[in-house]
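Colleague: First the structure, which I've put down as structure tokens, then a few questions once you've had a look.
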Amino acid sequence: QKEVEQNSGPLSVPEGAIASLNCTYSDRGSQSFFWYRQYSGKSPELIMSIYSNGDKEDGRFTAQLNKASQYVSLLIRDSQPSDSATYLCAVNRGSGGSNYKLTFGKGTLLTVNP
Amino acid sequence: IAGITQAPTSQILAAGRRMTLRCTQDMRHNAMYWYRQDLGLGLRLIHYSNTAGTTGKGEVPDGYSVSRANTDDFPLTLASAVPSQTSVYFCASSDSPFGTDTQYFGPGTRLTVL
């Protein structure tokens with residue numbers, strides 16, 4: 001079983017729509033969850049972090065975490081063409097040794113069509 | 001503030017050659033990381049360093065070595081490059097080594113081993 005799973009996409013949405021990106025993880029001890037955005041040919045950049053169950057909103061972005069179901073999602077409201085990128089889910093696997101390190105999903109390619 | 005710099009930007013290397021990828025951060029972060037990113041495989045951790053003077057192995061350490069002589073620099077060495085090491089390499093840093101902080105990524109080095 002892969003540790004952090006995301007649909008590879010591509011996910012295509014029209015401009016102005018809500019884009020929903022999902023991620024599941026296997027380690028129930030995971031404590032920290034991150035969404036990174038990566039434009040083609042560029043490096044990843046953090047857009048959201050979430051540590052507690054529930055929703056966390058930042059502008060047009062909302063991260064949702066459900067530890068019981070072991071999933072974390074990212075909603076992008078009023079999607080813009082500039083949101084077209086690959087979105088990486090990253091999970092901290094918990095305490096102890098190298099388990100402090102992040103594990104990344106393979107990413108979901110989002111395309112927002114004008 | 002430059003953040004994280006990596007050198008070279010890209011490199012074509014003959015198999016069997018030794019190569020060092022350079023990474024420097026000016027944020028005085030404690031932890032530094034090296035990832036490789038391959039199509040279909042996502043970001044995978046090669047080596048990490050929680051603080052100057054310490055290093056640890058990540059998910060795919062074979063064929064790579066690192067050192068952390070000071071806070072700012074974290075070079076990655078390929079002792080004898082092989083074609084399977086063709087990849088994009090990202091250096092990253094974070095203030096905390098405990099997986100709860102944002103990781104900031106450098107611009108990447110595109111390495112081709114022939």
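Colleague: Looking at region A:82-101, is at least one residue among the hydroxyl-bearing types (Ser, Thr, Tyr), more than 28 Å from B:Thr51 (Cβ to Cβ) and in a helix (DSSP H, G or I)?
Modeller: Yes.
Colleague: What is the number of the single condition among (1) within 14 Å of chain B (Cβ to nearest Cβ); (2) among the polar types (S, T, N, Q); (3) closer than 30 Å to B:Arg110 by Cα that A:Ser82 does not meet?
Modeller: All conditions pass for A:Ser82, except number (1).
This table checks each residue for (1) crowded, with 17+ Cβ neighbours inside 10 Å; (2) modelled with pLDDT of 95 or more; (3) among the aliphatic types (A, V, I, L, M).
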| position | (1), (2), (3) |
| --- | --- |
| B:Gln6 | yes, yes, no |
| B:Gln37 | yes, yes, no |
| B:Leu45 | yes, no, yes |
| B:Tyr48 | yes, no, no |
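Colleague: Name the residues in region B:20-40 that are assigned to a loop (DSSP other than H, G, I, E, B), within 15 Å of B:Tyr104 (Cα to Cα) and out of contact with any Pro (no Cβ under 8 Å at 6 or more places or on another chain), would you?
Modeller: B:Asp26, B:Met27, B:Arg28, B:His29
Colleague: Looking only at residues in region A:46-79 that are in a loop (DSSP other than H, G, I, E, B) and on the phi > 0 side of the Ramachandran plot, which one is farthest from the other protein chains (Cβ to nearest Cβ)?
Modeller: Looking at residues that are in a loop (DSSP other than H, G, I, E, B) and on the phi > 0 side of the Ramachandran plot, I get A:Asp78.
Colleague: For B:Ala2, state whether it is in contact with a helix residue (DSSP H, G or I) (Cβ under 7 Å, 6 or more places away or on another chain), hydrophobic (A, V, I, L, M, F, W, C) and in a loop (DSSP other than H, G, I, E, B).
Modeller: Judged against the criteria, B:Ala2 is not a match.
Colleague: Can you say whether B:Leu39 is free of Cβ contacts under 8 Å to residues at least 12 places away in the same chain and hydrophobic (A, V, I, L, M, F, W, C), as far as the supplied structure shows?
Modeller: Answer is yes for this residue.
To keep it simple, each residue is scored yes or no on (1) within 11 Å of chain A (Cβ to nearest Cβ); (2) over 23 Å from A:Lys106 (Cβ atoms).
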{"position": "B:Ile12", "(1), (2)": "no, yes"}
{"position": "B:Arg22", "(1), (2)": "no, yes"}
{"position": "B:Asn30", "(1), (2)": "no, yes"}
{"position": "B:Leu39", "(1), (2)": "yes, no"}
{"position": "B:Leu43", "(1), (2)": "yes, no"}
{"position": "B:Gly58", "(1), (2)": "yes, no"}
{"position": "B:Asn70", "(1), (2)": "no, yes"}
{"position": "B:Thr77", "(1), (2)": "no, yes"}
{"position": "B:Phe98", "(1), (2)": "yes, yes"}
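Colleague: Report the residue count in region A:58-93 for those that are at pLDDT 95 or above, over 11 Å from the mean Cα position of the chain (by Cα) and within 18 Å of B:Thr102 (Cβ to Cβ).
Modeller: Count: 3.
Colleague: Give me the residue from region A:9-45 that is of a type in the set (Gly, Ala, Ser) and assigned to a strand (DSSP E or B) and, out of that set, surrounded by the fewest Cβ atoms within 10 Å (Cβ to Cβ).
Modeller: Checking each candidate, the answer is A:Ser12.
Colleague: B:Asp73 versus (1) within 13 Å of the chain's Cα centre (by Cα); (2) crowded, with 18+ Cβ neighbours inside 10 Å: which is the lone unmet condition?
Modeller: Among (1) within 13 Å of the chain's Cα centre (by Cα); (2) crowded, with 18+ Cβ neighbours inside 10 Å, the lone unmet condition for B:Asp73 is (2).
Colleague: Mind listing just one residue for me: the one in region B:79-96 that is surrounded by fewer than 17 Cβ atoms within 10 Å (Cβ to Cβ) and within 20 Å of B:Gln25 (Cα to Cα) and, of those, nearest to the other protein chains (Cβ to nearest Cβ)?
Modeller: Ranking the candidates gives B:Ser96 first.
Colleague: May I pose another question? Consider B:Thr55 against the criteria (1) farther than 19 Å from B:Ile4 by Cα; (2) touching a His at 6+ places or on another chain (Cβ under 7 Å): it satisfies all of them except one. Which criterion is unmet?
Modeller: Every listed condition holds for B:Thr55 apart from (1).
The values are calculated or read from the model by the stated rules, or taken from the named source; none is laboratory data. This is a predicted model, so every value here is computed, not measured. Glycine also receives a Cβ, built like all others from the backbone with ideal geometry; neighbour counts cover every protein chain displayed.
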